[in-house]
């Protein structure tokens, strides 16, 4: 199995409680992640990165 297949998945709430993210990042994750879905830490970081790089209009 690859790392991607064995990576643990977490809920939006669990990621928002994680020490791996700053308070600012936790706020953004709470806003952009979907309820009822699970994400690996890598997926959450990718979502965060994508969101923060969006152009502000």
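Every read-out reported here was derived from the displayed coordinates using simple, explicitly stated rules and does not represent laboratory data. Not measured: the values here are computed from a predicted model. Please note: Cβ atoms are built from the backbone with ideal geometry, for glycine as well, and neighbour counts cover all protein chains shown.
Measuring max minus min along each principal axis, the C-alpha atoms of the chain give extents of 42, 21, 21 Å (largest first). Of the residues 33, 15, 42, the one that moves most in a GNM of the chain with alpha-carbon contacts below 10 Å is 42. In the chain, the longest principal axis of the Cα atoms and the axis of helix 23-32 are about 80 degrees apart.
Taking other C-beta atoms within 10 angstrom as a stand-in for reagent exposure, 25, 55 fall in the order 55, 25, fewest first. What is the angle, in °, between the Cα long axis of helix 41-52 and the longest principal axis of the Cα atoms in the chain? Nearest 10 is fine, range 0 to 90. That works out to roughly 20 degrees. By the count of neighbouring beta-carbon atoms within 10 Å, fewest first, 51, 39 end up ordered 51, 39.
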